[in-house]
Every structure is written in structure tokens, then in C-alpha cells.
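A.B. asks: The structure that follows is given in the form of C-alpha cells.
Read-outs throughout are calculated quantities, based only on the coordinates presented, and are distinct from any laboratory measurement. Note that the coordinates shown come from a computational prediction; the quantities given were computed from them, not determined experimentally. Cβ placement follows ideal geometry from the backbone for every residue including glycine, while neighbour counts extend to all protein chains displayed.
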Amino acid sequence: MQAAVKREAIAPWNDPRAVPLIRFEGVSKRFGDFTAVEHVDLAIHKGEFFSLLGASGCGKTTLLRMLAGFETPTAGRILIDGQDVTAVPPYERPVNMMFQSYALFPHMSVADNIAFGLKQDGLPKDMIKGKVAAALDLVQMGRFAGRKPHQLSGGQRQRVALARCLAKEPKVLLLDEPLAALDKKLREATQLELVNIQDRVGITFVMVTHDQGEAMTMSSRIGVMNAGRIEQVGSPVDIYEYPGTRFVADFIGAANMFEGTAKGGAGAVACPELDHDLSVQGAPPVEAGAAVTVMVRPEKVRIGRDRPEPGLNWAEGVVSDIAYLGDVSIFHVRLASGRKVQALRTNLHHGDDSLLTWDEPVFLGWHPADSLVLTR
């Protein structure tokens, strides 16, 4: 969490004077009749841990491969540190790429794998030795320098692949689903480790992932992609708390969506699913009669046997499903309209007699400030 606070405090993207390290300007990529990436404009700043997040086929990997130089844009251009690299081959770009498969040479030792790219660049032996040692130290793999890849665990191979990329000191490190091959517990531990390493080296990381939790944990900012376009760019907090579109709200985490009609001014949305109006705070001005969606996250919704206090949005229904996850329980409540609403409740105490059960009548309540109005 400290890293997230630090990243948010720096926030060069909020400084109009800051010059981005990477720019995509009107970039599109078509494969025959299929458009994989459509007119992407994107700026990434030096020192960022930036994630491209989206479902399979949304264009995120194609965008990363164009940045690496493995694909050429059909239209638009890509700049790195002020240089137009659109037509520059991969080996002449100031980037390095860590592949999902790690792509380690099986016949080489850990140290030789890391040294390979440095030897290709023709660096002196003493310099190569020093860079390899520093890279191994950075990923805490010094005692494994003489081992072959098959003698390492998945997590250790991932560290070697990272060390090999960092040893060349690129301006930009590209990561294609870097943690996909790891089990859940190791993946979660490695997420924070990668963030700490990136903080120490200061290299700009651009990562592709379909894992929302991974992107939220590791990123300074996230670009959410859908059908070849960037739907929204923002910090994890911005993306989660203030999604700009219904797609982003629905894609990131769980969300309750209520369809309604704006009543004009600020503060009320007519909602047929509830049989009464929803109150909202801080909503953008919307013309009366306009169709809108009101989003509220499950953790903002209080659930209980008593009617919520005046001033809160509310709904009444019956518990239809309960998902017990240990630390929290997720309640699915069926309203009289047939609509289901999710509410999340933290399990604070052992053997809590107040826990709700299936088919029990309940009330839901949430604050108007937690109701976000989406117009698209």
C-alpha cells in the first residue's frame, strides 16, 4: 500500500508540463478485415508501472507488440523519449520484453542466460560480470547463478527472466502476462516484489494482463481496453471508484447497476426496478428524461434486518444466495421486481449469531454519495 501512496503522490500525468516517455498517437492495427487496435492515443510517463488491462482479444497484446517493434501500426505513430520508433526494428529500440513463457535458454546457466544479451551488445567481460551480479542480487538469485533453468521453480525462472531484461538497463520494460504461469499464492507475493523492484530501478514498466487484481495491485495507472480501444486511463482508485463508462464499471470488480431516468438537476434518478427514486450526490449535470445507469459497489451496500435510516438509498428483498469466502460473505438479494442486488459483508467475529441466511427478508441501504451516475 505504501508503494501505491507514493506513486499517487508523484503522478506526473497530472502535471501539464511533464513530457511523457511513451506516446501512441492515433495508432491502429488491422489484420486483413479485422481491426485489432483502433485509433489509440496514449501517454505513459517515465518511472510508471503502467498496465494494459482487458479480456482476451481486446487488443492489449497487439498494442504491446507494436511498442516492442514486433508489429507495425497500420496507422499512427509511436514515440519513445521523443523519437519516432514506428519503423525502427525491435533490436534498435530502448526496450526489452519479458515473455509469458520466460524464453530462457535451457542449455545455459542462470548467469549465462542473463549475460547473453550483454554479450550480444559487445560489452567488455568485466562489465558483463558486474551487470550480471547486480541483476542477480536485485532479484535475490545470486546463489542460483550456476543452475540450469530446469533446476529452478516457476517463480525462480520468472526472476531470472526479469534479471535478464533488467541487466540491459532498457528505458522501458515490457511484460506480457508475466505472472500467468505462477500459482495463486506465489503470484500474489511476486506482484509486490515486482513493484518493489520497479521502484528501486526506476525503469518504466508496461504490463499486459487480464487479471484485474494484478493490475490494481501493481499499477501506477491502468488503461482498460475493449474491442481495440482504450475505454479509460486512470489510477487504480480512479478506475474502481469513478469508472467513466458502464463497461469499465462492470469489468473492474463487482457492480450493481440500476437503469433509470434522470429527473433533472442534481440528485434524483427514477428507477423502475426499485419502485422509487434513487438519490445521488456529485452527479454530472444530466438533462431531465435522459437514460442513465446508477452504479453502486457491493461493499458500499449495507445489509440487515432493519430498514435503513432516512436519507439513505434503500431496497427490500429476500436473500437468494450466499457466497462465503472466509473473510467476507457476498449476499445476493432478490427484489420484488426480480432484480438481484449484491451486498458484501465482512465476517468480523467467529460464530456470529447475527449472520443472515437463505430466504430471509432483508433491507439494503447505501449512501447517495456512493451512487455513481453513468451516462454511457
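A.B. asks: Just to check I understand the Karplus step: with θ = phi - 60° and J = 6.51 cos²θ - 1.76 cosθ + 1.60, what whole-Hz values come out for the stretch 293-308, glycine and proline as x?
C.D. replies: 10, 9, 10, 9, 6, x, 6, 8, 8, 8, 10, x, 8, 9, 5, x
A.B. asks: Now a separate question. Residue by residue, what Karplus-based ³J(HN,Hα) values in Hz, rounded to whole numbers, does the stretch 153-163 have, using 6.51, -1.76 and 1.60 with θ = phi - 60° and x for Gly and Pro?
C.D. replies: 6, x, x, 5, 5, 4, 5, 5, 4, 5, 4
A.B. asks: With +1 on each Lys and Arg Cβ and -1 on each Asp and Glu Cβ, and nothing else charged, work out how big the dipole of the chain is about its Cα centre, in Debye to the nearest 20.
C.D. replies: In total the dipole reaches around 1560 debye.
A.B. asks: Helix 184-201: angle to the longest alpha-carbon principal axis of the chain, degrees 0 to 90, nearest 10?
C.D. replies: Roughly 60 degrees, rounded to the nearest 10.
A.B. asks: Same structure again: Taking +1 at the Cβ of each Lys and Arg and -1 at the Cβ of each Asp and Glu, which of 127, 72, 154 sits farthest along the dipole of the stretch 2-248 towards its positive end, judged by Cα position relative to the Cα centre?
C.D. replies: 127
A.B. asks: Shifting gears a bit: Going by C-beta contacts inside 10 Å, put 261, 204, 72, 61 in order with the fewest on the left.
C.D. replies: 72, 261, 61, 204
A.B. asks: Oh, and also: Putting +1 on Lys and Arg Cβ atoms and -1 on Asp and Glu Cβ atoms, find which of 251, 308, 54 reaches farthest to the positive end of the dipole of the chain.
C.D. replies: 54
A.B. asks: By how many degrees, between 0 and 90 and to the nearest 10, does the Cα long axis of helix 110-120 differ from the longest principal axis of the chain?
C.D. replies: Computed tilt is about 70 degrees.
A.B. asks: Classify the stretch 2-248 from the C-alpha gyration tensor, please: rounded if a/c falls under 1.5, else prolate or oblate depending on whether a/b exceeds b/c.
C.D. replies: prolate
A.B. asks: Something else: Hey, what did the stretch 225-310 get for relative contact order, percent, Cα under 8 Å, at least 6 apart? Let's see the in-between values first.
C.D. replies: Working: 113 pairs, mean separation 20.6, N = 86.
Value for the stretch 225-310: 24 percent.
A.B. asks: Could you give the dipole magnitude of the stretch 254-374 about its Cα centre, charging the beta-carbon of Lys and Arg +1 and that of Asp and Glu -1, in debye to the nearest 20?
C.D. replies: 200 debye
A.B. asks: Normalised by the number of residues in the stretch 2-248, what is the relative contact order in percent for Cα pairs under 8 Å and 6+ residues apart? Walk me through the numbers before you get to the answer.
C.D. replies: Values: 451 pairs, mean separation 64.8, N = 247.
Computed value for the stretch 2-248: 26 percent relative contact order.
A.B. asks: Which of 45, 367, 349 comes first, and how do the rest follow, when ranked by fewest Cβ neighbours within 10 Å?
C.D. replies: Placing the least packed residue first, the sequence is 349, 367, 45.
A.B. asks: Here's something else I'd like to know. Suppose every Lys and Arg Cβ carries +1 and every Asp and Glu Cβ carries -1, with no other charges. What dipole size does the stretch 75-158 come out with about its Cα centre, to the nearest 20 debye?
C.D. replies: Rounded to the nearest 20 debye, it is 380 debye.
A.B. asks: May I ask you to list the lysines whose Cα is less than 20 Å away from that of residue 29, ignoring any residue fewer than eight positions away on the same chain?
C.D. replies: 60
A.B. asks: Could I ask something else about it? Starting with the fewest neighbours, write out 63, 364, 312 ranked by other beta-carbon atoms found within 10 Å of each beta-carbon.
C.D. replies: 312, 364, 63
A.B. asks: How much of the DSSP beta bridge set in the stretch 2-248 is antiparallel, as a percent to the nearest 5? Walk me through the intermediate numbers first.
C.D. replies: Values: 19 of 37 bridges.
Taking every DSSP beta bridge within the stretch 2-248, about 50 percent pair in antiparallel fashion.
A.B. asks: Another question, then. If R0 is 51 Å, what FRET efficiency do you get for residue 275 and residue 180 from their C-beta distance, rounded to 0.05?
C.D. replies: Values: r = 46 Å, r/R0 = 0.89.
E between residue 275 and residue 180, to the nearest 0.05, is 0.65.
A.B. asks: Using θ = phi - 60° and the Karplus relation 6.51 cos²θ - 1.76 cosθ + 1.60, list the HN-Hα couplings for the stretch 358-373 in order, rounded to whole Hz, with x at every Gly or Pro.
C.D. replies: My calculation for the stretch 358-373 gives 4, 6, 8, x, 9, 10, 10, x, 8, 6, x, 5, 8, 9, 9, 8 Hz in order.
A.B. asks: On a straight-distance basis, which lysines could pair with residue 119 in a cross-link, Cα separation under 22 angstrom, same-chain partners fewer than 8 positions away excluded?
C.D. replies: 129, 131, 148, 168, 171
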